[in-house]
Amino acid sequence: MEPLITDMVQDDPTKRPTMEVVVTRFSEIRGKLGAWKLRSRIARRDELWPVTVWRSIYHWYCTIGYVLGRKAAIPEPK
């Protein structure tokens, strides 16, 4: 994702990719990621360990509910 984001925030607008290119590159990146990677929790670097434990437990509780409810990691438009 970082190379795509770096390209998208270029100071010179002419160097930025078009929206079609962005959508294509994002789809390629997303296609290479598994369902569990897409469901993984993003933790702050400066999180205290009790907060990390609490948020991880809550994340897994929600994730299990989504998996059992057959909800997609990233919803697709119908």
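The values are calculated or read from the model by the stated rules, or taken from the named source; none is laboratory data. Note that the structure is a prediction, hence the values are computed from the model and not measured. Virtual Cβ from ideal backbone geometry, glycine too; neighbours counted across all protein chains shown. Each accessible area value is taken on the protein alone, full model and side chains, heavy atoms only, with ligands, DNA and RNA left out. Shrake-Rupley method; radii C 1.70, N 1.55, O 1.52, S 1.80 Å.
Observations, loosely collected:
- Principal-axis tilt of helix 49-68 within the chain, Cα atoms, nearest 10 degrees: 80 degrees
- Taking the chain and dividing mean pair separation by its residue count, relative contact order in percent (alpha carbons under 8 Å, at least six apart): 24 percent
- Percent accessible area from carbon and sulfur atoms, the range 1-65, protein chains only, probe 1.4 Å: 63 percent
- Label zone at Ile5 (point 7 Å along Cα-to-Cβ), backbone N below 19 Å, the range 37-78: 37-47, 74
- Accessible surface calculations at 1.4 Å, restricted to protein heavy atoms, place the chain at 92 Å² per residue.
- Values of log10 I(q)/I(0) for the chain across q = 0.16, 0.19, 0.27 Å⁻¹ run -0.83, -0.95, -1.20, by the Debye formula with one identical scatterer at each alpha carbon and no solvent.
- Extension gain, Thr63 back to Arg25 (0.36 nm per residue minus Cα-Cα distance, nm): 11.0 nm
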